[in-house]
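The values are calculated or read from the model by the stated rules, or taken from the named source; none is laboratory data. Being a predicted model, the structure only gives us computed values, none of them experimental. When we count neighbours, we look across all protein chains shown, and the Cβ atoms used for this are built from the backbone with ideal geometry, even at glycine. Heavy atoms of the whole protein, side chains included, go into the accessibility calculation; ligands, DNA and RNA do not. Shrake-Rupley method; radii C 1.70, N 1.55, O 1.52, S 1.80 Å.
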There are 4 protein chains.
Amino acid sequence: MAYPYSVFLVNVGTAYDRYCMEYATPFTAEELFQRAAAVDGLYAVDLVAVPDFIKDPFHYRKCSEEHGLKVVSIALDIFTEGVWKQGSFSSPDKAVRQKAMTHAKEVIDLLPEFGTDLLTIWPGQDGYDYLFQSDYLGDRKRFQDAVLELSEYKPGIRICLEYKPKEPRTHSYISNAGTTLLMLEKMGKANVGLALDYGHALFAYENPAEVVALCKMYGDKLFHVHINDNYRYWDDDMITGSIRTLEYLEFFYWLRETGYEGHITIDQFPYREDGLMACQESVNWMNAFQDIVARADKDEIHACFENKDGVRASKMMRKLLLGV
Amino acid sequence: MAYPYSVFLVNVGTAYDRYCMEYATPFTAEELFQRAAAVDGLYAVDLVAVPDFIKDPFHYRKCSEEHGLKVVSIALDIFTEGVWKQGSFSSPDKAVRQKAMTHAKEVIDLLPEFGTDLLTIWPGQDGYDYLFQSDYLGDRKRFQDAVLELSEYKPGIRICLEYKPKEPRTHSYISNAGTTLLMLEKMGKANVGLALDYGHALFAYENPAEVVALCKMYGDKLFHVHINDNYRYWDDDMITGSIRTLEYLEFFYWLRETGYEGHITIDQFPYREDGLMACQESVNWMNAFQDIVARADKDEIHACFENKDGVRASKMMRKLLLGV
Amino acid sequence: MAYPYSVFLVNVGTAYDRYCMEYATPFTAEELFQRAAAVDGLYAVDLVAVPDFIKDPFHYRKCSEEHGLKVVSIALDIFTEGVWKQGSFSSPDKAVRQKAMTHAKEVIDLLPEFGTDLLTIWPGQDGYDYLFQSDYLGDRKRFQDAVLELSEYKPGIRICLEYKPKEPRTHSYISNAGTTLLMLEKMGKANVGLALDYGHALFAYENPAEVVALCKMYGDKLFHVHINDNYRYWDDDMITGSIRTLEYLEFFYWLRETGYEGHITIDQFPYREDGLMACQESVNWMNAFQDIVARADKDEIHACFENKDGVRASKMMRKLLLGV
Amino acid sequence: MAYPYSVFLVNVGTAYDRYCMEYATPFTAEELFQRAAAVDGLYAVDLVAVPDFIKDPFHYRKCSEEHGLKVVSIALDIFTEGVWKQGSFSSPDKAVRQKAMTHAKEVIDLLPEFGTDLLTIWPGQDGYDYLFQSDYLGDRKRFQDAVLELSEYKPGIRICLEYKPKEPRTHSYISNAGTTLLMLEKMGKANVGLALDYGHALFAYENPAEVVALCKMYGDKLFHVHINDNYRYWDDDMITGSIRTLEYLEFFYWLRETGYEGHITIDQFPYREDGLMACQESVNWMNAFQDIVARADKDEIHACFENKDGVRASKMMRKLLLGV
């Protein structure tokens, strides 16, 4: 038993930050596919519709086919270029919003070509930094209206919104599970759901396992999962499992309990690591976590729930993890 | 022009913490009313239905009348006694839930006696601490169902839910603006809204001004405001205005813009301060903030919004605050 | 192989917080000793010189002897009474400082009666809350001078200072490993060291394992360890091992590597748990962690260090923890 | 009366982050000097010894002279290239350490050519990300030894170490005021001090005003100040004064009280703003703050200190800031 793991294509490559442009030499798209294919346990990739992709999407398709990698989802690129610096769909600038809409529809049109129905929207630039900089009502309304329009653009597609409390803005509009599910509830479209990034939840002071339950309760809205690890204060995007253990067990438990059937896409920034190996590490940790969760004693867990017994839960986890 | 200020009755008195039971000698209810009445600019109090209140609510009413203090709202006491340690309306224990329901209905019945229609629910114990301790689906469902039941118990009452990310639990169910408005949206009851505690929003990494807008957008749900100040990481419950300045200006601006007509209730824990004087300080700061906001140049603010211009917003704020 | 575990006597009992005075019925000192003795794997307690202790310390000694529990250290009580609300040794009020000094010398005089040489000082009230409230130079100077005086009061005693970033003040003077070791370095007294509370380090955004190394490097100053677990943002004082796993492994590794020979004292606040069982859980987790660390492949770890290889460290940890 | 303001040359230009390489078109060095010179109230710049500078430092000198801009300090570039990805002076790789040493000495040799004696060291890559990745003792020792060597390389130079809790590493070795002053105390070199970045202190949960006092107390070690603003959780590097007000007043008060005579260098990342105008905003806010602090009633402040009176401090601040 294993969840179908995917990886963001670029994540098997290199990463840079605001101080250092090049920790290592970047790879070509072709090389990235080759590297993703070399990870044992991966069978798919997630793509981002960056300019290089848009220029020749069929090169990407060819690469994915050659390496036997399914494409799980394509994410809009509404964050890597200066034009988006004050937002995409939420921008007060009509020309920018139209550009975003055109891009989105272009990507939606491409989805069937890649054998997928899932569009990912991470509106990283849609937010604000300064006090009195933004019309919170107008900006949010524009964003919501745009997603609504997209949801009706083509039959058969699904859209997932990925939230994050901040970065690159100090404040994002699609900031946490609550604000995202609220917008989904208000829109009431069956084909729009939520993409949960495990690390984003952590630094929003959410418990990712509880977010899984929340999505179940409010419309079965968990459409996609991104995974990584961090120290709780920032989106460190580290190897999945390199810091936390028990929290992943609870997360995978709730994915099973709620019948999640989507993918789990590794989303890491290997600044100083080999991206391929960092990705392999994440697969290996997740396999181990899932094997452990598969052995969990549900009756014992339910007994903990019934009494909200923290001591018993502690004992159950130790037994499950370490057998003692 | 001034918002009607209130204060939680106990907040003009003393506070204790988990290390020190008595920083100063507590006051009687009668003395607390006397002290609240002595604060220049206050004209109301918020009450909590603690055992001493329930024992003789009419003593409290008499005191409020004698001191000419309106009662803005009464809050349930579902957090000061051991029986609530694993939650109230969300508890898996039916007897506890029933006790909470009985208490709530008793308090609702008392509302008209105090000339108010507003019930405050802060479910501080409804959450969890340990991993695998809680059935997130069941607990949340029970809570939501109970509030729904309460909303229909008596015509003419209004209920406000106060969220907080944590404390006294490490995780609260009603945790932030998003999860609260989501529940309200799902319930769809016109008489159930949100109580925004300014400090809770701060340490949820929310911008309280944006929360005001969010409440406006999703059903005009801002029913009540609690106010205080903190350092952003914890519910320090300090004197309003003693740390932040510009953030309050933006907050009061959005309260005006969205036409908020409720009260602003001071909610502080004066561990080492004289509660009366700490409350007076908050009133004085808020009066100053509102005078400043009343002078704001709306056209200039809208110009900032249209271009999302952080530099211009900075200049506008300095001009507004300091005149330079 | 096991570190000598101790527990703060009160921690096998009950705890309260600023909302709820009594989650459960408190125990007598005698009952607390009985409960501590019932924890399998504990052989010692840490005491706090609260008024009940000062009133009759020999009752406490008798209890400890009857239950075969060694006393590891006695901590000053400079935080549970209103007199300390603006600090103890750092207070600008001379009478308060003298009271603290008298109390400290009284406790030092008692140490030999309890078969220990170790005084613990946690200056929880020595700090500040408000801007412009405190003379940072004067307050800190007074505190440092007092500890210097205490260090010379009696030959043969040792003093450990326990830091914490905040709570009950919003800012503590003895705030983190750096400011504490700095003061120790400046004082230059061989008998004054540091008490590391694992949870305090976590929410100071320190890595406790690195703090162990820091103490080694700057004077071999690790005199005492308190242990518990939390979610990184606050001193949640939860069961040790109930959240983190790998971080404890690294911590115990560095305790071994640096030759730590002191005690490990469980320091938890079991608000809703049975204190005895919560303590037992912590012992059980720590035994497991130490067994695992004892099996660690040092050569492999050093290889990680030499290349600062995060991927290899991840693999090493998984192998060590899960064998896969 | 005004502090001599400087700015990091690049900060009047553009910035990028890990998602977007180019929010705006970058400027040449010459243009940057021109822009810095256009900021009213600036009279100096701080430089970073990036490759472009090293290639032709005298071009930079010529520009600074042409625009009448003094050079306050030159910072090592031990963070913008891949070679430093696992640290500079702390690296376990001897070749990397030597490269850092060579670079540092080259920059020190250039200091007199720029009319300054002050070298800035921000060891942004000297830290770690993963558990078990690093030998905390060895790495820190190597760093300390290197700074010691540098301090003795040339007579008449001064070195300032700039701390930061994290970023680009998840953990920095020179992490906060305490660990930095501890290293300085241990080294005992009169010509090595501390560079306080206001924003770094904020997100280390320090009070910058208290850090100023701490530097005074432990060897008068405040050599340099960098300034900006943020939301307390991250190094947002925003316009100085755009968020906080009272905290800056306390900061400037303590700079005056401790007789700070160094510079104040604006250090911002204007991702979406015009860097020149963002810098001008910071100057304007700081001028206003200093005018206000110059009017402060010291007797009243000392009265607050003597009683640690938070209410009185609140009143004093409001009077000072708003006159009411």
Q. Are any residues in the stretch B:241-259 β-branched (Val, Ile, Thr) and buried (at least 22 other Cβ atoms within 10 Å of the Cβ), and if so, which ones?
A. B:243, B:245
Q) Only one of (1) open to solvent by less than 10 Å² (accessible area, probe 1.4 Å); (2) away from chain C (no Cβ under 14 Å) fails for residue D:178. Which number is that? A) (2)
(Q) Step by step: first the residues of the stretch C:54-91, then only those that are without any contact (Cβ under 8 Å) to a residue 12 or more places away in the chain and under 19 Å from residue C:32 (Cα atoms), then the one that is farthest from the other protein chains (Cβ to nearest Cβ). Which residue is that? (A) C:65
Q: Within the stretch D:223-269, track down each residue that is more than 9 Å from chain B (Cβ to nearest Cβ), part of a helix (DSSP H, G or I) and in contact with a Ser or Thr (Cβ under 8 Å, 6 or more places away or on another chain).
A: D:248
Q: Tell me which residues, restricted to the stretch C:287-304, are within 21 Å of residue A:271 (Cα to Cα) and surrounded by 21 or more Cβ atoms within 10 Å (Cβ to Cβ).
A: C:304
Q. Taking the stretch C:203-222 on its own, how many of its residues are in a helix (DSSP H, G or I) and either more than 10 Å from chain D (Cβ to nearest Cβ) or in contact with a Pro (Cβ under 9 Å, 6 or more places away or on another chain) (or both)?
A. 3
Q | Single residue of C:83, C:96 found to be within 30 Å of residue B:268 (Cβ to Cβ), open to solvent by 50 Å² or more (accessible area, probe 1.4 Å) and assigned to a helix (DSSP H, G or I) | A | C:83
(Q) Can you say whether residue A:170 is closer than 17 Å to residue B:208 by Cα and within 13 Å of chain B (Cβ to nearest Cβ), as far as the supplied structure shows? (A) yes
Q | Number of the exception - residue A:230 against (1) touching an Asp or Glu at 6+ places or on another chain (Cβ under 6 Å); (2) buried (at least 23 other Cβ atoms within 10 Å of the Cβ) | A | (2)
**Q.** Residue selected from the stretch D:102-143 under the condition of a type in the set (Val, Ile, Thr) and not in a loop (DSSP other than H, G, I, E, B), by the criterion farthest from the other protein chains (Cβ to nearest Cβ)
**A.** D:108
(Q) Being surrounded by fewer than 21 Cβ atoms within 10 Å (Cβ to Cβ), farther than 25 Å from residue B:182 by Cα and not hydrophobic (A, V, I, L, M, F, W, C) is the requirement here; does residue A:267 meet it? (A) no
Q) Could you give every pair whose Cβ atoms fall below 8 Å, whose first residue belongs to the stretch A:102-129 and is among the basic types (Lys, Arg), and whose second residue is open to solvent by 10 Å² or more (accessible area, probe 1.4 Å), counting only separations of at least 6 or pairs across chains? A) A:105/A:153
Q | Selected residue (only one of B:324, B:311 is of a type in the set (Val, Ile, Thr) and in a helix (DSSP H, G or I)) | A | B:311
Q.
Condition first: free of Cβ contacts under 8 Å to residues at least 60 places away in the same chain and in contact with a helix residue (DSSP H, G or I) (Cβ under 8 Å, 6 or more places away or on another chain). Now tell me which residues in the stretch A:160-173 satisfy that.
A. A:161, A:163, A:165, A:171
Q. Of everything in the stretch C:196-213 that's hydrophobic (A, V, I, L, M, F, W, C) and open to solvent by 10 Å² or more (accessible area, probe 1.4 Å), which residue is nearest to residue C:266 (Cα to Cα)?
A. C:203
(Q) Being without any contact (Cβ under 8 Å) to a residue 24 or more places away in the chain and either among the aliphatic types (A, V, I, L, M) or within 24 Å of residue D:217 (Cβ to Cβ) (or both) is the requirement here; does residue C:134 meet it? (A) yes
Q. Any residue in the stretch D:158-180 that is out of contact with any Lys or Arg (no Cβ under 6 Å at 6 or more places or on another chain), part of a loop (DSSP other than H, G, I, E, B), farther than 30 Å from residue D:247 by Cα and of a type in the set (Gly, Ala, Ser)?
A. no
Q | Search result, residues across the stretch D:34-54 that are more than 27 Å from residue D:259 (Cα to Cα) and surrounded by fewer than 16 Cβ atoms within 10 Å (Cβ to Cβ) | A | D:38, D:51, D:52, D:54
Q) If residue D:163 satisfies every condition in (1) under 13 Å from the mean Cα position of the chain (by Cα); (2) closer than 30 Å to residue B:206 by Cα; (3) more than 10 Å from every other protein chain (Cβ to nearest Cβ) but one, which is the exception? A) (3)
(Q) Anything in the stretch C:272-324 that is within 30 Å of residue C:35 (Cβ to Cβ) and at the interface with another protein chain (Cβ under 7 Å from one of its Cβ atoms)? List them, or say none. (A) C:272, C:273, C:274, C:277, C:278, C:281, C:284, C:285, C:288
Q.
Any residue at all in the stretch A:282-291 that's free of Cβ contacts under 8 Å to residues at least 12 places away in the same chain, farther than 23 Å from residue B:144 by Cβ and not in a helix (DSSP H, G or I)?
A. no
Q: Go through (1) touching a strand residue (DSSP E or B) at 6+ places or on another chain (Cβ under 9 Å); (2) over 29 Å from residue B:155 (Cβ atoms); (3) not charged (D, E, K, R) and name the single condition residue B:133 misses.
A: (1)
Q) Is there a residue in the stretch B:78-87 that is of a type in the set (Asp, Glu) and under 27 Å from residue B:191 (Cα atoms)? A) no
Q. Do we find a residue being within 19 Å of residue D:82 (Cα to Cα) and part of a loop (DSSP other than H, G, I, E, B) anywhere in the stretch A:33-43?
A. no
Q: Quickly run through the stretch D:294-314 and pick out the residues that are over 15 Å from residue D:247 (Cα atoms) and more than 30 Å from the chain's Cα centre (by Cα).
A: D:299, D:300, D:303, D:304, D:306, D:307, D:308, D:309, D:311, D:312
Q | Residue, surrounded by the fewest Cβ atoms within 10 Å (Cβ to Cβ), within the stretch A:6-33, restricted to residues that are within 11 Å of another protein chain (Cβ to nearest Cβ) and acidic (Asp, Glu) | A | A:22
